[in-house]
Amino acid sequence: MIQEAARTRNPKSVTLSPQRRAPIAPSRNFRDAAPMISPPLRIGDRLIAPGERVNVNLPLPSLYTQSPVFLPLQVMHGHRPGPCLFVTAAVHGDEINGVEIIRRLMEWHALRHLRGTLLAVPVVNVYGFVRQSRYLPDRRDLNRSFPGSETGSLAARVAFTLVREVVERATHGIDLHTGAIHRDNLPQVRANLDADGDGALALARVFGAPVILNADLRDGSLRAEAAARGVPVLVYEAGEALRFDELAIRAGLRGVQCVMRHLGMIKGVGLRRGPNAAAPVVARSSLWVRAHQSGVLRSLTPLGSRVAHGDRLGIITDPFRNTEDPVEAPVSGVVIGRTNLPLVTEGEALYHIARFGRPQAAARTVERFQSELDPDADLDPESGPPIV
Ligand SMILES: [Zn+2]
């Protein structure tokens, strides 16, 4: 985000000098120290007092037009000590549902009684965000560039700044993503279930998205880098790039709120989950069904559908010869991702199917979840009218 766009209505905005590096506050030791009041928190060259809420603009390399660029942080440093949670969005610059999730989160009244520290980064990849692109201007993927370095590529420098100022201070993290462009994801949380030494699975269950997907750590990702530092990070995936999706936004906001309450950062606040709220279902594996020929796809299967082996998911047609070629499900499961673009090339990923031990129960969970967060039901007057 360039400097003008980074201004918010919060008057306590501060811009840091790029030359100065701040010492790291020992926020992870809150249990040992157990003071009644949080110690001040240093980010960049800014000292943040307990109870303060400030915007901090961390300097990044400027544009070639000489416009300065900053990484904007919203810091809420509670009076009382507690966990330090970071929430990041738009690590891929075109994935914007998380930007809106963080906007709503920062308006949550309960934050006035925050215990611990919330570090919100609504737009991590500011260069991609202003270009409406997943990548950096040098075409690198920021989520393959961690931990980064001070002297590396542009992506490496952004990653380095985020790690130094945010990840190193955190005890927990939530990284908000969407599907890629023209691809829609059912709200889901990714966690490594096979090597869960860091408690990410417990957090994933608390988050409450309908599906938890077993996903290995990827080299260079924010999640992998944080995990290597002992900071469990949930990756939330919901909706499509460059689009707002009200259900995905509501589910993400509620998920972050549930995690904060679980961590003891917020107390005595209802979570607006109904008494029949479904527990998330865990998928052990998933696969993408790919186009076996090029053509125009007529999709017959919405997100969240339960499919059985051999079911017809869609039909690829040849607009020049009136041929039809069905796309069939190679396994049973629930469709948790799909393409929204009917123009497909052979080999292209069309449907993402998650496999469950009990697919029927998984499908019921998804249905209950969708009706619980139905944008037509006014569940959250604090968030304002739904985006439609
Ligand atoms: Zn992403």
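Readers should treat all values here as calculations from the given coordinates under stated rules, not as data from a laboratory. Remember, it's a predicted structure, so these values are computed and weren't measured experimentally. Because the Cβ atoms are built from the backbone with ideal geometry, glycine has one as well, and the counts that use them run over all protein chains shown.
If you plug the beta carbon distance of L63 and R312 into 1/(1 + (r/R0)^6) with R0 = 41 Å, you get a FRET efficiency near 0.25.
Relative to the current alpha-carbon distance between K267 and E150, full extension at 0.36 nm per residue lengthens the span by 38.2 nm.
A straight chain from E324 to Q360 at 0.36 nm per residue would run longer than the Cα-Cα distance by 10.0 nm. Basic side chains Lys and Arg get +1 at the Cβ, acidic Asp and Glu get -1 at the Cβ, and with that the dipole of the chain about its Cα centre reaches some 1220 debye. Taking only alpha carbon atoms, segment 284-372 gives an Rg to Rh ratio of 1.01, where Rh is the Kirkwood radius. Packing around the peptides 321-329, 37-45, taken as the average count of other Cβ atoms within 10 Å per residue, puts them in this order, highest first: 37-45, 321-329. Spin-label model, F244 to I387: label points 7 Å out along the Cα-to-beta-carbon direction sit 0.5 nm apart. Let me make sure I get this right: for segment 41-138, a, b and c are the square roots of the gyration tensor eigenvalues over alpha carbons, sorted descending. Under 1.5 in a/c it's rounded, otherwise prolate if a/b > b/c, else oblate. Which is it? Because a/c hits 1.5 or more and a/b fails to exceed b/c, segment 41-138 counts as oblate.
Restricting attention to segment 4-262, close to 45% of DSSP beta bridges with both partner residues there are antiparallel. Please name which of H177, N322, M106 has its Cα lying farthest along the dipole of the chain towards the positive end, using unit charges on Cβ (Lys, Arg +1; Asp, Glu -1) and the Cα centre as origin. So the residue we want is M106. Counting charges near A156 (Lys, Arg +1; Asp, Glu -1) among other residues having Cβ under 9 Å from its Cβ returns a value of +1.
Counted by Cβ distance under 11 Å from A349, the other residues give a net charge of +2, where Lys and Arg count +1 and Asp and Glu count -1. The alpha-carbon atoms of the chain define a convex hull whose volume equals 146 cubic angstrom per residue. One chain, two ends: H79 and R284. Fully extended at 0.36 nm per residue, the span grows by 69.7 nm beyond their Cα-Cα distance. From helices alone, the chain scores -6000 deg cm²/dmol at 222 nm; the rule is -39500 (n - 2.57) for each run of n ≥ 4 DSSP H residues, then divide by the residue total.
Relative to one another, the C-alpha centroids of segment 123-192 and segment 36-87 are positioned 18 Å apart.
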